Each structure stands twice: as C-alpha cells, then as structure tokens.
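Below is one structure, written out as structure tokens; the observations come after it.
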Amino acid sequence: MTIIGMLHHRKDPNTVIKAYAYAVVAKAEGAEFIYFTPKGVNFDSKMIEGYEYKNGSWEEKTTPFPDVIYNTGSPEKLDVSKDIINLLKETIPFTTVSLGNKWAINERLKKGKLFANNLIPAKVLNDWNDLNEFLSMYSDVVVKPIDGRKGQGIYFIKNTVEGFIVNKDCKDTFYTPKELNEFLAAILSENTYIVQPYINSKTKSGLIFDFRLHAQKNGDGKWVITTIYPRIATAGTIITNINNGGYTNYLEPFLNQEFDKEKAFNIKKTLEFFTLSLARHLDELQMLEYSEVIDEIGIDVGLDENHKLWIYEVNWRPGCPPAFYLELDVVRNTIQYAIYLAHHHIKVKQDIREFKKMDRQKRKVPIIAVTGSAGKTTTKSFISSILKKKWNIFESKDYWNRTDHTQIHADLINSNHQAVVLEYGMGFPGVITEHCRIIQPNISVITNVGMAHIGNFDGDIKKIAQAKSELIHGTKQNGILFINNDDENSKLLEIDQFKGEIITIGIKNPADYRAYNISYVENGMNFKVKLHNKEWSFYIPIYGDHHVYNALNAIAVADYLGFSPPEIKSGLLFKKPPRRLTIYHLNHSVTLIDDSVHSTPQGVIAAIDVLKNISAARKIAVLGRMIGLGERRMEQYQKIGKYLVKQGVDVVITYGRYAKEMGLEAINAGLPSQNFKHFIDEESMHEYLLEILQVKDTILVKGASIMNMFNTVQIITSSIGVKK
C-alpha cells in the first residue's frame, strides 16, 4: 500500500480543514495517509510521528517514511525546517514545488518566449519615477505586491487632469502628485510592489472579470484541466478574488451571456488550449532550471476588448475552486498524482534528464568533456576560466569526475547555462561510456593516454587507449575531438570511425594548435601560439611544460567557439586547482612545491621537471607511492628513479609500500646512497625532513591522494613558516 505523507507546518491537523478531504480521498484510492510536521521526522529510525484520520477523528500514529510527500503548508513557516525537508527530498519524491513569486514567474515566462506576448508589461517599483513612467505611458495602472495572495494589497491608479484616483477595497481616493509620491514611499517601505498597465476586461454591464484556469496532473502523470471559471468583481472595484467580495459563475453560461454563440465557443476552446499549453510550458521551464516537475497551477487571465488573453498572474498553490464537488476533483487529482509519483519517480527523473538533454541539443549548447591519464582537471579549469569571460557556464566541481558526480551534474545543469564543461574520470572499461550515456558531449578533449590505472587493464596500454576511446564513440558523431599530437600513446586511440572534426594540439610535432618559445618565468610559463596566421604570446600562472599542453587544449576549444585571443589570454589567468603545483615561498628562502592531489608516472616526471627548472640550489623530491600500476609498477618506478638523477635531484625521500624502488633505482643511476631515505611511518619521515632542510632548498611533495601527502605540506609550511 502506498503511504502518502502530508507535510504541514501546523502540528494539529484539526486546524487544517483540507486535511480531512485528502485523508478521505486517499483511503478511497487505497492509500495510507499520514499528516505530519518536520518535528515528527526521525532519521535514525526512518519513522514519522504523525496523525491518521480514523473513525471520524485524527489519531496519533507512528509510521515508516512515506512513499511520497504532499508538500503543503506555508513555505515561509516550513523554511525554518529546511534542513529536515532537504534530507527528506534526497530519498522521497515531493509533490507541489515552488515556482517563486509573481515577478520570478513573469521573468521566467519572458525568457521562455512562448507566452511572452501574453505577458502584461511590468516593472518592480523602486520609486516615484518608475510609477510616473508607467502612468505617462498607460494612464491607468495596477500596483500589486510581488508576493501577494488572495487579491490583497492591490491598487488601481487612474491618471486624470486634476491628479490621480487610487482605488482600493471599493473606495476611491484622490491624490496630488506629491501626495501620491508620499503614499508610494509609505507602501514601498513595507513591501515590494510591481506596476502593470490596467487591462480593460469588463462584462456588458461594466463589471470587471477575469478567468481562473486550474490545471493539475492526474493519476497518469498527465496535465488535465480541473476547471475554468470566471470571477466577477463587485461594482466599484477591480478585485475579482472571492475573499474580497468577488463572485463566480459557470464558464459556459457566462460566455453565452457575454458573447454570441460562435464567439463563446471559440473563447472556451482558446481558454482550454491556453491552460494546458501554459501548464506544460511552465513544467518544461521548471525541468530545465531546477530539474523538478510541477503538478498544479492556477492561472488568472484577463480578456481585453479585442479578445486577447493577458496573464495576470500564475499561482503554484491555487486555492480550491469555490464549489464542493470541484474541491473533491482537486483533491482526487492530487492524491492520484501522488500515488503515480510514488511508483514512477525514477522514470520522472529520467524523463527530466532526457528532456534537458534534448533541450541542450536543440539550443546547440557546447557540452565539453575532458578525459585523459593526466591534466584533466587543469584543462577543464583553463577551458572554464576562458568561457566564463563571456558566457554563463556550468563547470564540474574541483575533482568531481566519477559517474555518480556526472549524474548529479545532469540535474544541476539548466537552461541558463550557455556551455557545460565536465571532467570524465575513468578507472575501468565502460566507465566513460556511462558518463556519455548520462551527459553526451559534443566537444571532447583527450589530454593524453598514460599509465594511470593500468593495473586495472592487465598492464596493457592498448587497453587504456581503448577505454579512453569510449569518449570518442560516446561523443556526438558530428562533434569535435581534440587530441595531443605529441603523445605517442594517443596514436592508439580509435579515431577511424569518428565522423566529426579532429583537431590536434602539440609542442614538438606539427599540430593545428602548436606552442613554441616556451619558457619558465616568475610564477608560471610563457609561450607563443599562432591564431589565424597571427602570433600571440600567452602566460599561464602555473609551472610546467605539461601545463602548456593543458592550456593549448583550452586555447583550441575557445578559439573554435569563437573567443578572441585577448579573451583567451585573460581567461588563462585562471584560479589554479588546489594542490596542483602550488608554490609556497617559505622563510629561509625555502621553496615548496605542493603537487599532492594525485600521482601518475607522467605527473611525477612533469613535477620533477618543474623542480629542476625553478630550483636555485638543492633539490629535494618527496615521493609517495602511486596506485593502480599493477605489473607495470616496478618498470615505472625504475623509470622515475633514473629520471630523478638525470634532472639533478639531490635528495630523494620515498614514502609508502613499494615506493622505495624509485630511490633504489636512483642510487643505481648515480645518486649517493646517503641522499636517499625511505619511510613507511609518516611521522618519522616528517622528523627527518625537518632535520635536513637547509636555506634555499626547493622541495617537491607528490604522491597518490590516498597517501595524504598534503599532511607533509602542512607540516613543512607550519614548521618553517610562509614568507610574508
């Protein structure tokens, strides 16, 4: 049996009259119904203390977490329990989501364009000048609170030769310009108001009327019209709301009374089409912006003398229509949809993601995915930094590159984003394919193919290349692929079947985008690139030739997307990812290189190059073990050991299981044995390191993230002190 929870801010359900109707209908539909407040939620036991309607009264009851929650009550009063509610939303589907206030909905519809022509011109009032501007353009205007309800706080202002007439609650008051200015200042001090031109929507007898269009989702998850009815104001006021003296009629008798038979029929059909079309449109906008679906709206529209529909406002929590049998229709749809959502919420989420994917493709939003054995995060950061110069972009967070992260990103990307930049990590075959299934890129970058995770691929570099090639196969086949022409292993990538455009970057070999005149300068690298047959100089605030490759990928992507060289130059001055060749200038002229976030053979060699190039005196390498190398571990450790000696590293310290092999091979290559130490214990390593440090030393700290080498960085910086 489906358990439906009704979430409300009031503890006593007897004070919430509508709760009775929902409980009765839920029982009739075969569902269990529990009324509760946030205070009744117990996350440890996953139980809720609430109330069940039984034998004609509400009885206390403790029940398991509901399958679906009907979200009601005051949003403002529930806001104090938002942490509890957000935790519930992580596992339980909610009905009734917020669309925001009148202004937010108006702006969303304006951006959506489909119903922009039905929106009444509006402006948030800041002062007298805003109101005067509208009065001079439209003569008669309406001023209403941005978050008003039930027709409260609405003023009709008429511009006359003598002054201004303000109507509220059936009462006209005359104001001079000065008095109206003072009146406006008074109401603006208490609330935020918007101003709109008055729409002349009147009956034959001169009474103001509008239509309430009420739409809901039913038990099949489809939009249906619950009701459409006219609301007529009493004489002397423009407020049609029932709470302010307005009254209602049935739609067809009203239309037949006010219009000829053919016109009445056409208006009825127009209202029905308008209701469902606007409901679906708002639903789509909510999916694009918030990855949510809405299930109920009330739309107030006016009909001017030319029979054009104008949207007065949209309510995401409309009150029940003022007729008992219609109230039951509303409740029945709500309960039936709640049951549907309880059983189909996974499909609803999948439908949202598919819709957002189709929208991105329709709008041709650049979806940029970056993978590779090294340089993914920095390349992604370079690309994002450049694109942010002109566009509103979505960028995956720091090192969030697993498939579960991509699933989260799919929900966070919305229609405001003009580009998406993602990092796709890979540790096993099939992982990148799953990334692409969740979010399919149309622009892909493969930085290189190296030894990272090779232990999971039987030690075979060809299998690594095959797994990286999943990005090529998963990219939209008329898209763009960027690859490294200097990387020997990238020649193993499966590019033959790719139907899109392939663009190359490089330093040593000819490429579409090639860097040259590379040099180390203070706090970074200088290099040159030819763009459109003109030479441009670039600077990146991070050391290492390998980061020039990362910057080249970003330059190539940005240039392809139409960014100018000056915009690219500015964007390359990026915020460096944390613990990626971060340089600390310490006391006693000691320099510390923190590259402790990740470690691969390629990355270690690149970091050793930086150590060599920025060191003024003694060079110390503190290297933790690498993971995922499998049977290639010894081969790669020995290669690094030789490279340490080749680059003139003076002291080698290794940490962790197997890492000793790097130091032993360095000794074989000529490193004095007394200049090598290996540690299993972190504390002993730190003591030794602090003992041997000398003035002007340069220290590199690098190791797999699992080794927590950042602890070593913190010990050194806190012991020696950062230079001020």
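The values are calculated or read from the model by the stated rules, or taken from the named source; none is laboratory data. Source: prediction; values computed, not measured. Backbone-built Cβ (ideal geometry, glycine too); neighbour counts: all protein chains shown.
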(message) Could you check the stretch 24-61 and list, in sequence order, the residues that are surrounded by 14 or more Cβ atoms within 10 Å (Cβ to Cβ) and of a type in the set (S, T, N, Q)?
(response) THR37
(message) Every residue in the stretch 582-607 that is over 24 Å from SER718 (Cα atoms) and assigned to a helix (DSSP H, G or I), please.
(response) PRO601, GLN602, GLY603, VAL604, ILE605, ALA606
(message) Which count do you get for residues in the stretch 393-440 that are in a strand (DSSP E or B) and either in contact with a Pro (Cβ under 8 Å, 6 or more places away or on another chain) or among the hydrophobic types (A, V, I, L, M, F, W, C) (or both)?
(response) 6
(request) Would you point out the residue of the stretch 426-445, among those that are over 18 Å from VAL365 (Cα atoms) and either outside the structural domain of PHE498 (by TED's automatic domain parsing) or surrounded by fewer than 22 Cβ atoms within 10 Å (Cβ to Cβ) (or both), that is nearest to the chain's Cα centre (by Cα)? (result) GLU434
(request) Identify, from the list ASP398, ASP486, ASP496, ASP411, the residue that is acidic (Asp, Glu) and closer than 30 Å to GLN638 by Cα. (result) ASP486
(request) Return the residue satisfying two criteria in turn: it lies in the stretch 532-547 and is in a helix (DSSP H, G or I) and surrounded by 20 or more Cβ atoms within 10 Å (Cβ to Cβ), and of such residues it is nearest to the chain's Cα centre (by Cα). (result) HIS547
(request) Mind telling me which of the residues ALA515, ALA511, ALA556 ends up being of a type in the set (A, V, I, L, M), assigned to a loop (DSSP other than H, G, I, E, B) and more than 18 Å from PRO577 (Cβ to Cβ)? (result) ALA511
(message) Which numbered condition in (1) touching a strand residue (DSSP E or B) at 6+ places or on another chain (Cβ under 7 Å); (2) in a helix (DSSP H, G or I) is the only one that VAL370 fails?
(response) (2)
(message) Looking at GLU327, GLU305, can you tell me which residue is under 30 Å from ASN256 (Cβ atoms) and touching a Cys at 6+ places or on another chain (Cβ under 7 Å)?
(response) GLU327
(message) Out of the residues in the stretch 559-574 meeting the condition of being of a type in the set (Ser, Thr, Tyr) and in a helix (DSSP H, G or I), tell me which one is surrounded by the most Cβ atoms within 10 Å (Cβ to Cβ).
(response) TYR560
(request) Kindly indicate whether any position in the stretch 252-275 is under 30 Å from ALA19 (Cβ atoms) and not in a helix (DSSP H, G or I). (result) no
(message) I'm trying to understand the selection: among the residues of the stretch 215-226, which are surrounded by fewer than 21 Cβ atoms within 10 Å (Cβ to Cβ) and either in a loop (DSSP other than H, G, I, E, B) or among the hydroxyl-bearing types (Ser, Thr, Tyr) (or both)?
(response) ASN218, GLY219, ASP220, GLY221, LYS222
(request) State whether the residues of the stretch 426-436 include one that is out of contact with any strand residue (DSSP E or B) (no Cβ under 8 Å at 6 or more places or on another chain) and within 25 Å of LYS388 (Cβ to Cβ). (result) no
(request) Keeping to the stretch 472-484, report how many residues are among the polar types (S, T, N, Q) and buried (at least 20 other Cβ atoms within 10 Å of the Cβ). (result) 2
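Conditions (1) surrounded by fewer than 18 Cβ atoms within 10 Å (Cβ to Cβ); (2) modelled with pLDDT of 90 or more; (3) part of a loop (DSSP other than H, G, I, E, B); (4) of a type outside the set (Lys, Arg), marked per residue:
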{"position": "GLY302", "(1), (2), (3), (4)": "no, yes, no, yes"}
{"position": "ARG317", "(1), (2), (3), (4)": "yes, no, yes, no"}
{"position": "PRO321", "(1), (2), (3), (4)": "no, no, yes, yes"}
{"position": "VAL330", "(1), (2), (3), (4)": "no, yes, no, yes"}
{"position": "TYR340", "(1), (2), (3), (4)": "no, yes, no, yes"}
{"position": "HIS343", "(1), (2), (3), (4)": "yes, yes, no, yes"}
{"position": "ILE346", "(1), (2), (3), (4)": "yes, yes, no, yes"}
{"position": "ASP359", "(1), (2), (3), (4)": "yes, no, no, yes"}
(message) Here is a list: ILE706, ILE692, ILE680, ILE699. Which entry is in contact with a helix residue (DSSP H, G or I) (Cβ under 8 Å, 6 or more places away or on another chain) and either at pLDDT 95 or above or on the phi < 0 side of the Ramachandran plot (or both)?
(response) ILE699
(message) So LYS222 passes all but one of these: (1) within 28 Å of VAL141 (Cα to Cα); (2) at pLDDT 95 or above. Which condition number does it fail?
(response) (1)
(request) Quickly run through the stretch 156-214 and pick out the residues that are under 30 Å from PHE273 (Cα atoms), surrounded by fewer than 12 Cβ atoms within 10 Å (Cβ to Cβ) and in contact with a helix residue (DSSP H, G or I) (Cβ under 8 Å, 6 or more places away or on another chain). (result) LYS204
